[in-house]
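The values are calculated or read from the model by the stated rules, or taken from the named source; none is laboratory data. Because the structure is predicted, anything quoted here is derived from the model rather than measured. Note that each Cβ is placed from the backbone with ideal geometry, even for glycine, and that neighbours are counted across all protein chains shown.
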Amino acid sequence: MTAIKFNKEFSCDYGVLERVSPMLRRIVAPNPGPFTFHGTGTYVVGKGEVAVIDPGPNDPGHIGALMSALPGERVTHILATHTHKDHSPGCRLLKHLTNATVYGYGPHGRGWILRDEMVEEGADMEFIPDIQVRTGEVIKGKDWSIECVHTPGHTSNHICYQLREEKALLCGDHVMAWSTSIISPPDGNLAVYLDSLELLLVRDDRIFWPCHGPPIEDPKPFVKSYIAHRQERIRQVRSCLQKRIQFIDDMVPEIYTRLPGHMRPAAARSVLSTLIFLIDRGEVSTEKISLDGAYELIG
Ligand SMILES: [Zn+2]
């Protein structure tokens, strides 16, 4: 299995806005969990007139702590990387308090495929940005400028933001130092995700600041290992099908050894995303794309 050099060294004081670089501060929301690590990192860009990136879950306590940590400063911009419930609901709370303009790619996507039996978890369906941004657009503040980079895959509306002055990519859940990113169909799409990883290899970002966990200080080798890891997973799913293992429930223990029980549903969704990838390439067939469908190789 391709090794990703994960970094789980991270500590934070909940409720404290901490400086992490000359132009970036971060406050972590108290929503730790198996997918959020210590919690959602909310970033503050600039000084005096600031942008807030990913205000986090619908948690008035977290937004209150953020506001208390910015005495005499004004929030002028609110940016969302994507519409999972641990990232974007806080935009509404923060807008209510500051009347700042909310930026994002758009509302939560409906996914490339819609089938009744696949219900996505954790989506913030109420998010509507004031301004929809696209790749290459630049959002300018008083002493900072942020370039938008659409990186669909984790969700179809996932967008990263580069703080140009530091060549620092605020990368949301696209790439994380502590873990792989979850690709959950129907809105999550593996083929699109892999393209969005490749995109990062031709950019000039010096450091990544994910919303969960520590920064990635040498991004390109890390992204390459992320891509290799996914390709290995694709090969593993193919190999299960070659052994005539047809059901996701039977593939998961073949592919994921030493998987904690609570991570099984996420692993199953990840295998599903890989099967959809292979179906779209004409390699695999099924009567029913779902978690309990039977899958087989074509030819
Ligand atoms: Zn997410």
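Considering only segment 139-153, state which residues are outside any strand (DSSP E or B) and surrounded by fewer than 21 Cβ atoms within 10 Å (Cβ to Cβ).
The answer is G141, K142, D143, W144.
For segment 26-47, which positions are of a type in the set (G, A, S) and more than 15 Å from S145 (Cβ to Cβ)?
Scanning segment 26-47 gives A29, G33, G39, G41.
Could you please find all residues in segment 279-291 being in contact with a helix residue (DSSP H, G or I) (Cβ under 7 Å, 6 or more places away or on another chain) and not in a strand (DSSP E or B)?
The answer is D280, I289, L291.
Under the condition of being more than 14 Å from the ligand (Cβ to nearest atom) and out of contact with any strand residue (DSSP E or B) (no Cβ under 6 Å at 6 or more places or on another chain), which residue from segment 74-100 is nearest to P129 (Cα to Cα)?
Applying the filter and picking the extreme gives R92.
Here is a check on your reading of the model: is G109 out of contact with any helix residue (DSSP H, G or I) (no Cβ under 8 Å at 6 or more places or on another chain), part of a loop (DSSP other than H, G, I, E, B), of a type outside the set (S, T, N, Q) and closer than 25 Å to T135 by Cβ?
In short, yes.
Filter segment 255-299 down to the residues that are touching an Asp or Glu at 6+ places or on another chain (Cβ under 8 Å) and polar (S, T, N, Q) and list them by number.
Passing the criteria: S285, T286, S290.
Residue by residue, here is whether (1) among the aliphatic types (A, V, I, L, M); (2) buried (at least 18 other Cβ atoms within 10 Å of the Cβ); (3) assigned by TED's automatic domain parsing to the domain that holds Q162 holds:
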site: T180; (1), (2), (3): no, no, yes
site: I183; (1), (2), (3): yes, yes, yes
site: N189; (1), (2), (3): no, yes, yes
site: D195; (1), (2), (3): no, no, yes
site: L200; (1), (2), (3): yes, yes, yes
site: D205; (1), (2), (3): no, yes, yes
site: F208; (1), (2), (3): no, yes, yes
site: C211; (1), (2), (3): no, yes, yes
site: D218; (1), (2), (3): no, no, yes
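Table: residues versus (1) touching a strand residue (DSSP E or B) at 6+ places or on another chain (Cβ under 8 Å); (2) outside the structural domain of I159 (by TED's automatic domain parsing).
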{"position": "F6", "(1), (2)": "no, yes"}
{"position": "F10", "(1), (2)": "yes, yes"}
{"position": "R25", "(1), (2)": "yes, no"}
{"position": "G33", "(1), (2)": "no, no"}
{"position": "F37", "(1), (2)": "no, no"}
{"position": "A65", "(1), (2)": "yes, no"}
{"position": "V102", "(1), (2)": "yes, no"}
{"position": "H108", "(1), (2)": "yes, no"}
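Output the residues belonging to segment 154-208 that are in a helix (DSSP H, G or I) and either of a type in the set (D, E) or within 14 Å of the ligand (Cβ to nearest atom) (or both).
Passing the criteria: E165, E166, Y193, D195, S196, E198.
Quickly run through segment 244-299 and pick out the residues that are touching a residue at least 24 places away in the same chain (Cβ under 8 Å) and of a type in the set (D, E).
D249, D280, E283, D292, E296, listed by residue number.
Do the conditions hold for S239, that is, is it outside the structural domain of I27 (by TED's automatic domain parsing) and either touching a strand residue (DSSP E or B) at 6+ places or on another chain (Cβ under 9 Å) or surrounded by 15 or more Cβ atoms within 10 Å (Cβ to Cβ) (or both)?
So S239 fails the test.
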